[in-house]
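Notes follow once the structure below has been shown.
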Amino acid sequence: MSKAQQRLSQFQSHLASSEVDIPRGRESVLSKSPNDIVITCALRTPFTKGGKGGLKDTPAADLLVHAFKSLLARSKVDPSLVEDIAVGSVLPPGGGATEFRAAALVAGFPESTAVKSLNRQCSSGLQACVDIANAIISGMIEVGIGSGVESMSSQYGPGAVTEFSELLESHPEAKNCKVPMGLLSEQMAKDRSISRKDQDMFAASSYQKAVKAQQEGKFDEEIAPLQSVKFIDPKTDQERMISVNKDDGIRDGITAESLGKIKPAFAKDGSIHAGNASQITDGAAAVLLMKRSTAERLGQNIIGKFVSSSIVGVKPLLMGIGPWKAIPVALAKAGISKDDVDVFEINEAFASQCLWCVRELRLDETKVNPNGGSIAFGHPLGCTGARQVATLFNELGRTGKKIGVTSMCVGTGMGMAAVFVK
């Protein structure tokens, strides 16, 4: 039995033996309590192509300023009531700690609002939201913001690679933590028999769903457009100001057949390539959280609540299976089954790993990423977890559905998941 399975078993045993009558099941998850941790606003910037797109010349902290300002404008919350802001980010110098505090001040938060940066790889944005939720649950704060940001245009590349000490290199499992994720996914696809054809079909579907969603305006509510940002034309070097109001990585006309013509990226006989992996992208997202009683007192519009979350470890070389381990734990903590879930937002780091997790969990594929995912519109590493929250509530609200799950695999071998209710 794995450690994650042991933890799940222990948690279930604890519930069974507990003297406290803990409500279980879909009905209890949908019930309302003054102590619920609710979300009153969740939004994101457009996502644009790293090194090419409309936000390539906008620093990460500036993207964060825009997300914060948009959150304040939409929610109309008094900035002085926000006690803490958590910002997930993977690549910024110094962990972003200095710039993100400065961004909060520029956005209009007073000096009394605290700020922290955090890095749990691809789950950083979700971890930021969960950290704020837990701070509210513990009574540490009343109102907070979980957020994420990444400018992969300026920060992604060789400089982001960690050099290990001799001590770390000498440990066989530890040294696997720095194996590039593309290579890991390539090996996983081979070991788990995920064919190139199936990966390309999955990726094409992501693009096709995203194209349809964009054309129908399904992303409009969650996106906070930028009206004027600097853009340096890569062909002419001329600088001009542009507006960015939609994701620019979504490409029309993508099919499994067209993806089948792309050369593998990591092995001559491989199956992973640029078309069936997440895009290098720039973007930011922010989520406003507080107790239900606080939201009602402040007159905030409640869009949903946070129910449960999980974080699990897996073998570093099996990084991509993280959601397979994390989702059942989060569901068990909420007391519901996969069949109770209406929408799954599972990060498409690679088609191979996402497809394997969906199949292994036996999820209804029509419930997974109904408007496409990171293959189609990008994966700004530290931002994605917060972006998924905005996308999830947007979809649940638009369709009148109730229960959603977000999840992702995490670099170095982890998985994270969370359950939310509209």
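The values are calculated or read from the model by the stated rules, or taken from the named source; none is laboratory data. If you're wondering where the values come from, they're calculated on a predicted model, not measured in any experiment. We place every Cβ from the backbone using ideal geometry, glycine too, and count neighbours over all the protein chains shown. Just so you know, the surface numbers come from the protein's heavy atoms only, side chains and all, with ligands and any DNA or RNA stripped out. Shrake-Rupley method; radii C 1.70, N 1.55, O 1.52, S 1.80 Å.
Points to keep in mind about this one:
- When restricted to residues that are open to solvent by 50 Å² or more (accessible area, probe 1.4 Å) and out of contact with any His (no Cβ under 9 Å at 6 or more places or on another chain), the stretch 196-213 contains 5.
- Qualifying residues in the stretch 137-153 (those that are aliphatic (A, V, I, L, M) and either within 23 Å of T391 (Cα to Cα) or not in a helix (DSSP H, G or I) (or both)) - the one most open to solvent (accessible area, probe 1.4 Å): M140
- Whichever residue in the stretch 82-94 is aliphatic (A, V, I, L, M) and touching a helix residue (DSSP H, G or I) at 6+ places or on another chain (Cβ under 7 Å) and, among such residues, is surrounded by the most Cβ atoms within 10 Å (Cβ to Cβ): V87
- Within the stretch 276-379, strands (runs of 3 or more DSSP E) holding 1 or more residues that are buried (at least 20 other Cβ atoms within 10 Å of the Cβ) and out of contact with any helix residue (DSSP H, G or I) (no Cβ under 6 Å at 6 or more places or on another chain): 281-291, 304-313
- Residue within the stretch 50-71 that is without any contact (Cβ under 8 Å) to a residue 40 or more places away in the chain and on the phi > 0 side of the Ramachandran plot present: no
- The residues listed here are E169, E173; of these, the one that is surrounded by fewer than 11 Cβ atoms within 10 Å (Cβ to Cβ) and among the acidic types (D, E) is E173.
- Filter result (under 26 Å from T58 (Cβ atoms), under 21 Å from the mean Cα position of the chain (by Cα) and not in a helix (DSSP H, G or I)) within the stretch 154-188: Y156, G157
- Candidate set from the stretch 237-254 (those that are outside any strand (DSSP E or B) and not charged (D, E, K, R)); member that is least open to solvent (accessible area, probe 1.4 Å): G249
- For the stretch 148-170, a residue qualifies if it is in contact with a strand residue (DSSP E or B) (Cβ under 8 Å, 6 or more places away or on another chain) and β-branched (V, I, T), and exactly one does: V149.
- Tabulated pairs, the stretch 305-332, first more than 16 Å from A133 (Cβ to Cβ) and modelled with pLDDT of 95 or more, second among the hydroxyl-bearing types (S, T, Y) and in a strand (DSSP E or B), C-beta under 6 angstrom, 6+ apart or interchain: P323/S407; A326/S310; A326/S407; I327/S407; V329/S310
- Count - residues of the stretch 205-256 that are more than 24 Å from the chain's Cα centre (by Cα), within 24 Å of A67 (Cβ to Cβ) and of a type in the set (D, E): 1
- A Cβ distance below 6 Å, combined with a sequence gap of six or more or placement on separate chains, defines the contacts here; from the stretch 383-411, residues that are under 17 Å from G125 (Cβ atoms) and modelled with pLDDT of 95 or more reach residues that are acidic (D, E) and open to solvent by 10 Å² or more (accessible area, probe 1.4 Å) in the pairs N394/E221.
- Looking only at the stretch 176-189, and only at residues there that are over 14 Å from A351 (Cβ atoms) and not aliphatic (A, V, I, L, M), the one that is surrounded by the fewest Cβ atoms within 10 Å (Cβ to Cβ): P180
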